């Protein structure tokens, strides 16, 4: 797993770009697995072929073909994969946050913020939406310009970005307001929210620290201050508690050990017996009789 900074690393991809804005036609025949991604600019990713798996903060989602996702700048964990023989491909628009802030302020001259969004709130991690026929036409037009290597003046690229902002503001005003609102959040509560939301998703401590915007050492220190136990022990016990619940519900040992990220049945059985005093099979048999 590597830490990738975007859009800087994407210079080898076909794109239209100015100083602040990039429209990148991104394609990979063999996309790599899960990676740590630092977004140095905000992004809107339109999936053309394949699937994107996205973890950000306490949230995660899958973004498929004919879908798109808005991602503010910051850290995320992303895996991109092909679903057939075609390349994974997407059109990704990168822009600095101040551009969308300025657009929203200009737009608000005639359209006031919805009342419930005037209150202090935590910034959303991302928002996903369906590509409409108009958006599909917008994307196709940009891709044709990119593939033909047309030289587009900077002012026109900014205009194309504002066209996209206007479309999103008309279709998803609440989501756009919410995702670019200032973050007002208690750090300890945010850490707990991220941990609890991802605890059964087999993320490493390094990945959890990345989502929490902390170094691994700082994450461990803040975790122990918040939970009064090491992250490794807490996560291990929470997984075993989940396994106990699933065994009571009739799930198979094989299903559980794979879901919880154990290397093999033996390791899972040994950890379960150490915590509960019985092997998973015997525990399940006794609780279901």
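Every read-out reported here was derived from the displayed coordinates using simple, explicitly stated rules and does not represent laboratory data. Fair warning: this is a prediction, and the values are worked out from it, not measured in the lab. Note that we place each Cβ from the backbone using ideal geometry, even for glycine, and neighbour counts take in every protein chain shown.
What do you get for the angle between helix 187-198 and the principal long axis of the chain? Use alpha-carbon atoms, 0 to 90 degrees, nearest ten.
Around 70 degrees separate the two axes.
For helix 133-147, what angle does its Cα long axis make with the longest principal axis of the chain, in degrees from 0 to 90 and rounded to 10?
The helix 133-147 is inclined about 70 degrees to the chain.
What's the extension gain from residue 172 to residue 12 if we count 0.36 nm per residue and subtract their Cα-Cα distance? Display every interim value, and only then the final one.
On the way: separation 160, 0.36 × 160 = 57.60 nm, distance 3.25 nm.
Stretched out fully, the residue 172 to residue 12 stretch lengthens by 54.3 nm.
Given the C-alpha centroids of segment 23-49 and segment 141-164, what is the distance between them in whole angstrom?
If you average the Cα positions of each part, the centres end up 19 Å apart.
Using a Förster distance of 35 angstrom, determine the FRET efficiency expected from the C-beta separation of residue 98 and residue 227, and round it to 0.05.
Details: r = 37 Å, r/R0 = 1.06.
About 0.40, to the nearest 0.05.
Using the alpha-carbon atoms, what tilt in degrees (0 to 90, nearest 10) does helix 216-227 show relative to the longest principal axis of the chain?
60 degrees
Based on the Cβ-Cβ distance of residue 66 and residue 29, what FRET efficiency does E = 1/(1 + (r/R0)^6) give at R0 = 25 Å, to the nearest 0.05? Kindly include the intermediate steps, with their values, before the conclusion.
Values: r = 21 Å, r/R0 = 0.84.
For R0 = 25 Å, the calculated efficiency reads 0.75.
Using alpha-carbon pairs under 8 Å, 6+ residues apart, how would you state the relative contact order of the chain in percent? It would help to have the intermediate numbers written out before the result.
Values: 426 pairs, mean separation 47.6, N = 289.
16 percent.
Estimate the FRET efficiency between residue 259 and residue 5 by the formula 1/(1 + (r/R0)^6), using the beta-carbon distance for r and 25 Å for R0, to the nearest 0.05.
Numbers: r = 32 Å, r/R0 = 1.29.
Efficiency, from the Cβ-Cβ distance: 0.20.
I want to check the label-to-label distance for residue 282 and residue 136. Put each point 7 Å from Cα in the C-beta direction and report it in nm to one decimal.
Result for the modelled spin labels: 6.0 nm.
Pulled fully out, how much extra length does the chain show between residue 85 and residue 106, if you take 0.36 nm times their separation in residues and subtract their Cα-Cα distance?
Once the chain is fully extended between residue 85 and residue 106, it gains 3.1 nm.
What distance in nm lies between label points placed 7 Å from Cα along the C-beta direction at residue 163 and residue 245?
4.9 nm
Determine, for each peptide in 56-68, 2-14, the mean count of other beta carbons within 10 angstrom over its residues, then list the peptides with the highest first.
Sorting 56-68, 2-14 by mean packing, highest first, produces 56-68, 2-14.
By per-residue mean of other Cβ atoms within 10 Å, what is the highest-first order of 190-196, 170-176, 72-78?
On the way: 190-196: 18.7, 170-176: 15.3, 72-78: 20.3.
So the peptides 190-196, 170-176, 72-78, ranked by packing, come out 72-78, 190-196, 170-176.
How would 199, 44 line up from fewest to most surrounding beta-carbon atoms within 10 angstrom?
Numbers: 199 16, 44 20.
In increasing order of surrounding Cβ atoms, one gets 199, 44.
Under the rule a/c < 1.5 gives rounded, and otherwise a/b versus b/c splits prolate from oblate, where does segment 230-279 land using the Cα gyration tensor?
On the way: a/c = 1.40, a/b = 1.34, b/c = 1.05.
Rounded.
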